[in-house]
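For reference, the structure is listed below as structure tokens.
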Amino acid sequence: MSAGKSFWEMDELRIVTGAMVILGGATALLVVMPYLLLKNVPPPAALKPYDGEQLAGRQSYIANGCVYCHSQQPRDIQQAPDAKRGWGRASVAGDYAYDTPHLLGTMRTGPDLLNIGARQPSKDWHLGHLYQPRAYTPGSIMPSYPYLFVVRKGTASDGETVVNLPPPFAKPGEVVIAKPEALALVSYLLSLDRTYPALAPLPAPAAKAAAPAKEQR
Amino acid sequence: MDFTVSILLGTFLLSIAALFVFIWSLSNGLFGDGTAAATEIFAANELGRVEDPAATAVQKGGLQQAMGDASSSQMAAADAEARARADQSTSLVVGVTLTLAVVWLVLASLAGLVSSIKLHAPDWWVHYEWLTFGRIRPIHLNLVAYGWSSLAGIGVAIWLIPRLLKTELVGAKYALAGGALWSIGVFAGTVAIAMGYSDGLEWLEYPWQIDILLVVGGALVGIPLWLTLLQRKVRHLYVSVWYIGAGLLWFPTMFLIANWPGLHFGVQQATMNWWFGHNVLGLWFTPLGLAAAYYFIPKVLGKPIHSYNLSLLGFWGLAFFYSQVGGHHLIGGPVPSWLITISIVQSMMMVIPVFAVAVNQHMTVLGNFRALIYSPTLRFIVLGAMMYTAASVQGSLEALRAVNTVTHFTHYTVAHAHLGLYGFFSMVMFGSIYFIMPRVMNWEWPYPRLISLHFWLVLVGFAIYFIWLSIGGWLQGLAMLDENKPFMQSVALTLPYLEARSIGGGLMTLGHLVFAAHFFAMGWKFGPSRLGAALLGKPTLARLPAQELAA
């Protein structure tokens, strides 16, 4: 062994201290600093916390891995035409005040969903689209989610939500009924609406620059 | 002063100070033990002698011929005996760990293939919740990362420790317990994702209760390293020990911070997510992969690495720069721009450690490329080392805002991730396992042709996978940036490329099945027991016919 060597000449100590100091620095920069900076960011007044059903739907969004194809972070118009696609203004930290775990996402195999509730406010559309995406968007590669629905012959009973599919996909004598999980998921999707201004109104012209583009379908 | 300006100024001053400390430590010899350490992996008088237990007798002859005459270099019997004992001391724990890794590899490949097919056949197998794309894809990622890659890396690292320290492994039972806990964690995590109990963060899907198994398991796996270090019989620590030691410290620390329940929130959690997501590659898989490459390339060739000091520069460069690059995953996102800028700068600085490794390993192999024909181990590892350079340079470029604007959110990034974790890391692991298992089992690979078949299947499969998915991803990114094109056009144009990816992935999976079959055939001691074994120690001698022993 390295008998007689001073502290700094022992390789083991160099590895341990060097490795941990460097990791500590990186952690301070990428984890602790954002923590301190964002800890006290107040939620925007226009942003409502999720209700119970929406939270259940959010869990379903996580469980079924929607995040692997859909981002929730529109980019600035100077970088990408996200706003022109109706995805909304560039998002800010406050928009995610109630979002833990975060669902920013890394893929756009499908479109960004941060404002899907504003862009597509139809519950019927969402239910049918979850049951069979290709009934509404030809060429879509989103999976269908038949396990969120019950399909049976006959009619629906009281209190059941029937999915109204467009003609070629609706089969005569058959009803498609949304399970509670599907209803919760749609309730969450409809709650996704950050179309309020990112900044509190300021004197012009700053207020003008911060105003969001009107959401379009 | 403005916060952003002060933090950038602070970072700048800190970097300048660090540079001076670095130069000072270099000039005072604190940086490492110089060239003597480079030969520490060889026994006395062993330089010049090739070693590849995966090679057949004919290949071994060719390999030695390619490296020149070695009649003058002959290990002392005592040294050979000591090395056999060192190998013996790890055989159980390494055998178990690598077997688990291979099982996870097969399952991970199947999950990956199913995910890939689902992207162009969206109504295929949709009736089972656990098979939906959003579950089978994270199952694939986690099985690859924590099942195959981590356990293969751990197995290889444990096998290397006694070889690097020239002593027997101390505390193998801790590693065995750690590996078992870890595997239970991977199994439970997979079931959790399949059932919909995911934490929802990429690379961190396992619920925190299960993460405890990986933190404790990872820490236990590290214990034999520290115990064996106390018994080391070498003067210098070879660079592989630096990488393994740091990696075994880094992973449990990061995984613990990242999974701490209730600590992270909103956008802060996103920065933490990518601090971890990139560090698990840079500070866990990369160190284990490089440790193996730094051992096996010189060991197979029987010649020390080109520059030992360069390898330590690479180590510290990787540690410092790689640990800060995570923010480049959030370019354009709702995070402070100073954080993104720092990550982009450090991503570019990664060129330094990457070239340190690339130059070092290339200069070591230079002039001996014929050796690749004869050594199955080297074929995989040298290819993997080249892909490390390619993946790293590509990664640095992808961090640039202009490039990232196109590639972010597309399949291009997926292809890049596979270049790193598959092209580099998995290839290095394949080569290492081919070298190690004959020592562990005291048995040669029964069907050498299957090694070639495995190599060509995964090489061709991966080439198809990477090239087509990269092109498709780039076109997808360009289409998304063109506001005149409807979004659906960016989806439709990727379809042929996604189908090509499934073909490539299918070939890779086939290669893994061949590899696994061969692995288990060896485990059950199938195949002819050929003579001229590469093995050392008594078990081999017992297998040699009497007249050969007499001769």
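Throughout, read-outs are computed from the coordinates displayed, never taken from laboratory work. Just so it is clear, the model here is predicted, and its values are computed rather than measured. A quick note on method: Cβ atoms are made from the backbone with ideal geometry, for glycine too, and the neighbour counts reach across all protein chains shown.
Counting only other residues whose beta carbon sits under 15 Å from that of B:Pro261, what net charge do I get with K and R as +1, D and E as -1?
That sum, taken over residues with Cβ under 15 Å, equals -3.
When the Kirkwood hydrodynamic radius is evaluated over all pairs of different C-alpha atoms of the stretch A:57-138, what value in angstrom, to one decimal, is obtained?
With all distinct Cα pairs of the stretch A:57-138 included, I get 13.7 Å.
Suppose R0 equals 35 Å; then what is the FRET efficiency for B:Ala57 and B:Lys233 from their Cβ-Cβ distance, rounded to the nearest 0.05?
0.65
Go through the stretch B:144-153 residue by residue and turn each phi into a ³J(HN,Hα) via Karplus (6.51, -1.76, 1.60, θ = phi - 60°); whole Hz please, and just put x for glycine and proline.
Couplings: 5, 6, 8, x, 5, 5, 5, 5, 5, x Hz.
Starting from the amide H of A:Thr161, placed 1.01 Å from N in the peptide plane, find each other amide H under 5 Å away whose residue is 5 or more places distant or on another chain.
A:Ala178
With the Cα gyration tensor of the stretch A:107-152 in hand, convert its eigenvalues to equivalent ellipsoid semi-axes via √(5λ) and list them largest first in whole Å.
The answer is 19, 14, 10 Å, longest axis first.
What is the stretch B:1-124 by shape, rounded, prolate or oblate, if you read a ≥ b ≥ c off the alpha carbon gyration tensor as root eigenvalues and call it rounded for a/c under 1.5, prolate for a/b larger than b/c, and oblate otherwise?
Verdict is oblate for the stretch B:1-124.
Using Cα pairs under 8 angstrom and six or more residues apart, how large is the relative contact order of the stretch B:363-453, in percent?
Worked out over the stretch B:363-453, it gives 40 percent.
Kindly count the pairs of lysines across chain B whose alpha carbons are less than 30 Å apart, treating pairs on different chains or eight or more residues apart as eligible.
23
What nm distance separates the two modelled labels at B:Trp124 and B:Leu481, each placed 7 Å from Cα along Cα→Cβ?
Once both label points are built, they end up 3.2 nm from each other.
Restricting to the protein assembly as shown, compute how many DSSP beta bridges are antiparallel as a %, nearest 5.
90 percent
With only alpha-carbon pairs counted, each pair once and no self-pairs, how large is the Kirkwood hydrodynamic radius of the stretch B:110-178 in angstroms?
14.6 Å
Can you tell me the alpha carbon radius of gyration of chain A divided by the globular rule-of-thumb value 2.2 N^0.38 Å?
Here the Cα radius of gyration is 1.41 times the empirical estimate.
Taking just the C-alpha trace of the stretch B:333-417, give me its Rg and Dmax in Å.
Answer for the stretch B:333-417, Rg first and Dmax second: 16.5, 53 Å.
For the stretch B:171-325, I need the span (max minus min coordinate) of the C-alpha atoms along each principal axis, in Å, sorted largest to smallest.
Reported extents, whole Å, longest axis first: 51, 36, 26.
In whole Hz, with x marking every Gly and Pro, tabulate ³J(HN,Hα) for the stretch A:72-85 from phi via Karplus 6.51 cos²θ - 1.76 cosθ + 1.60, θ = phi - 60°.
Values, residue by residue: 9, 7, x, 8, 5, 4, 6, 9, 8, x, 4, 5, 5, 7 Hz.
Using the Cα centre as the reference, give the magnitude of the dipole from point charges on the C-beta atoms of the protein assembly as shown (Lys, Arg: +1; Asp, Glu: -1; all else neutral), rounded to the nearest 20 debye.
780 debye
Is the stretch B:283-323 best put as rounded, prolate or oblate by its Cα gyration tensor, with a ≥ b ≥ c the root eigenvalues, rounded for a/c under 1.5, and otherwise prolate when a/b is larger than b/c, oblate when not?
Judged from the Cα gyration tensor, the stretch B:283-323 comes out oblate (a/c at least 1.5, b/c at or above a/b).
Would you work out which of B:Thr4, B:Gln65, B:Thr99 lies farthest towards the positive end of the dipole of the stretch B:1-103, given +1 charges on the beta-carbon of Lys and Arg and -1 on that of Asp and Glu, about the Cα centre?
B:Thr99
Compute from the Cα atoms of chain B the Rg and the Dmax, the latter being the longest Cα-Cα distance, and quote both in angstrom.
23.6, 85
Obtain the radius of gyration and the Kirkwood radius of the protein assembly as shown from its C-alpha atoms and give Rg over Rh.
When Rh is taken as the Kirkwood radius, the ratio is 1.00.
Indicate the gyration tensor shape class of the stretch B:413-459 (rounded, prolate or oblate), computed on the Cα atoms with a ≥ b ≥ c the square roots of the eigenvalues: a/c under 1.5 is rounded; otherwise a/b larger than b/c is prolate and the rest oblate.
oblate
Along the stretch B:446-461, what does the Karplus equation 6.51 cos²θ - 1.76 cosθ + 1.60 (θ = phi - 60°) give for ³J(HN,Hα), rounded to whole Hz, x for Gly and Pro?
x, 10, x, 5, 5, 5, 5, 4, 4, 4, 6, 4, 6, 5, 5, x
Evaluate the relative contact order of the stretch B:37-84 (contact order divided by residue number), counting alpha-carbon pairs under 8 angstrom at least 6 apart; express in whole percent.
Relative contact order, the stretch B:37-84: 48 percent.
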